[in-house]
Amino acid sequence: MSPSSADAANPAPTGVGNGPAVSRREFDALFEAVRTWGRWSPADRGAWNRVTADHVRRAAACVRTGTVVPLALPWDTRPGPGNRKPALHHMTDLGDVEAPEPSTHKDFIAADYHGKGITHLDALCHIAYRGQLYDGRTAHEVVDAAGARFGAVSTLGSLVTRGVLLDLPAVLGIHWLEPGRAVHARDIVVVERALDVTIGDGDAVLLRSGHVRRREELGAWDPDTASAGFHVDALPLLAERGIALLGGDGDSDVRPSPVDGVHSPVHALAVAAMGVPLLDNLDLEGLSAATATAGRYDFMLVVAPLNVPGGTGSPVNPAAVL
């Protein structure tokens, strides 16, 4: 394997599988090639340090119609193949607990959200590779039962930046990518050319595979076993472009993994090497329709995770504004 910008500059037809296979040695070399350790302060904001006031103003310039598209899945309390740990929601007050007037209604929500059922943000403390978090921090020294002392979601704060939708099914004229289909660097370039959009410094890149539509039309399946997502050869191109955030309607990784012994290689490269947080399990169907109507595939993206000290991430409802 020789993933590089040279591959991206000469797009070629891509197969439907998750390959090519990548050895652990090749993967480790790729990890070293894209890592940005020691580049920013504070280090535990990682690539979000790229986003300056100028980037926010550039994002605001993408707003033309004022159309707001929420990107989160519904809070899912139903068990299923793609939701092994359902979220919790129950009522705690039905207007009969406190004094009579005014009556109040209250509820409780909770989630083990790092799965396939809840839209969430992965903070930098969520992923370690070879025992190390981003910036070379030893995981067991900074993460314990009380939470994380480095790379927590509370350190990230909120993000407003330009978002770019890579709507590959729209370009290919299909409803969705089949589970297990890898998206390569050359695919990214094909999409950019077809949709007249270019990924730039500080951008958030969202990959639509059509996961949500496929599930609605054909039923749920186990996305841990098979899902469309990025092959590791796409990450050098995204690193060269200087992205700040990566997300999709899956969890960004193609599954099964093409890397021997690494179950989530894109997570390892993006979070632990590049310092790029991930948005998992987005609903991008509405955004696909809105961008097609607008005839443009960039927008202002607003991501506001919960302020959880020590948290490894957060459920989130990002919004795209066109």
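The values are calculated or read from the model by the stated rules, or taken from the named source; none is laboratory data. Given the structure is predicted, the values throughout are model-derived calculations rather than measurements. Cβ placement follows ideal geometry from the backbone for every residue including glycine, while neighbour counts extend to all protein chains displayed. For accessibility, only protein heavy atoms count, side chains too; no ligands or nucleic acids. Shrake-Rupley method; radii C 1.70, N 1.55, O 1.52, S 1.80 Å.
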Nearest-ten-degree value, helix 285-294 long axis tilted from longest Cα axis of the chain = 70
note = Using alpha carbon positions and the Kirkwood radius, the Rg to Rh ratio of the stretch 39-101 is 1.22
query = To the nearest 10 square angstrom, how much accessible area does HIS211 have with a 1.4 angstrom probe?
reply = 20
remark   = Dipole check, the stretch 68-227, charges on Cβ (K,R +1; D,E -1), about Cα centroid: among ALA220, VAL69, ALA110 the Cα furthest to the positive pole belongs to ALA220
Computed label-point distance, nm, for sites ASP144 and GLU240 using a 7 Å Cα→Cβ extension = 4.4
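Kirkwood Rh, Cα Rg: Rg to Rh for the stretch 12-63? Numbers along the way, then the final one.
Working: Rg = 17.6 Å, Rh = 14.8 Å.
A ratio of 1.19.
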ask   = Once you wrap a convex hull around the alpha carbon atoms of the stretch 162-272, what is its projected area averaged over all directions, in nm²?
value = 6.6
task = Please get the size of the charge dipole for the stretch 127-197, origin at its Cα centre, with Cβ charges of +1 on Lys and Arg and -1 on Asp and Glu, quoted in debye to the nearest 20.
result = 120
query = Quick one: what do you get for the stretch 21-145 if you divide its Cα Rg by 2.2 N^0.38 Å?
reply = 1.57
task = Enumerate the whole-percent occupancy of each 10 Å bin, from 0 to the last occupied one, for all C-alpha pair distances of the stretch 188-250.
result = 19, 46, 27, 9
ask   = To the nearest 10 degrees, how steeply does helix 24-34 sit against the main Cα axis of the chain, on a 0 to 90 scale?
value = 80
request  = With a point put 7 Å past each Cα toward its Cβ, work out how far ARG25 is from THR67 in nm, to one decimal.
outcome  = 5.1
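Can you tell me the relative contact order of the stretch 212-322? Whole percent, Cα pairs under 8 Å, sequence separation 6 or more. Please list the in-between numbers first.
Numbers: 132 pairs, mean separation 24.5, N = 111.
The value is 22 percent.
In Å³ and rounded to a whole number, note down the convex hull volume per residue for the Cα atoms of the stretch 162-214.
Details: hull volume 4.2 nm³, N = 53.
Spread over its residues, the Cα hull of the stretch 162-214 gives 79 Å³ apiece.
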ask   = Considering amide H positions built from the backbone, and no H for Pro or chain starts, which residues 5 or more places from ASP201, or on another chain, come under 5 Å of its amide H?
value = none
ask   = From the phi of every residue in the stretch 210-216, what ³J(HN,Hα) in whole Hz does the Karplus formula 6.51 cos²θ - 1.76 cosθ + 1.60 yield, where θ is phi - 60° and glycine or proline is x?
value = x, 3, 5, 5, 4, 5, 5
message = Just to check I understand the Karplus step: with θ = phi - 60° and J = 6.51 cos²θ - 1.76 cosθ + 1.60, what whole-Hz values come out for the stretch 62-69, glycine and proline as x?
response = 6, 7, 10, 9, x, 5, 10, 10
note = Rounded to the nearest 10, the angle in degrees between the Cα long axis of helix 185-195 and the longest principal axis of the Cα atoms of the chain comes to 70
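Report the percentage of all Cα-Cα pairs in the stretch 224-304 whose separation exceeds 19 Å, rounded to a whole percent. The partial results should precede the final answer.
Details: 1392 of 3240 pairs.
When all Cα pairs of the stretch 224-304 are counted, 43 percent exceed 19 Å.
Using alpha-carbon pairs under 8 Å, 6+ residues apart, how would you state the relative contact order of the chain in percent? The partial results should precede the final answer.
Details: 765 pairs, mean separation 99.2, N = 322.
That works out to 31 percent.
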ask   = When only C-alpha pairs under 8 Å and at least 6 residues apart count, what is the relative contact order of the stretch 43-196, in percent?
value = 24
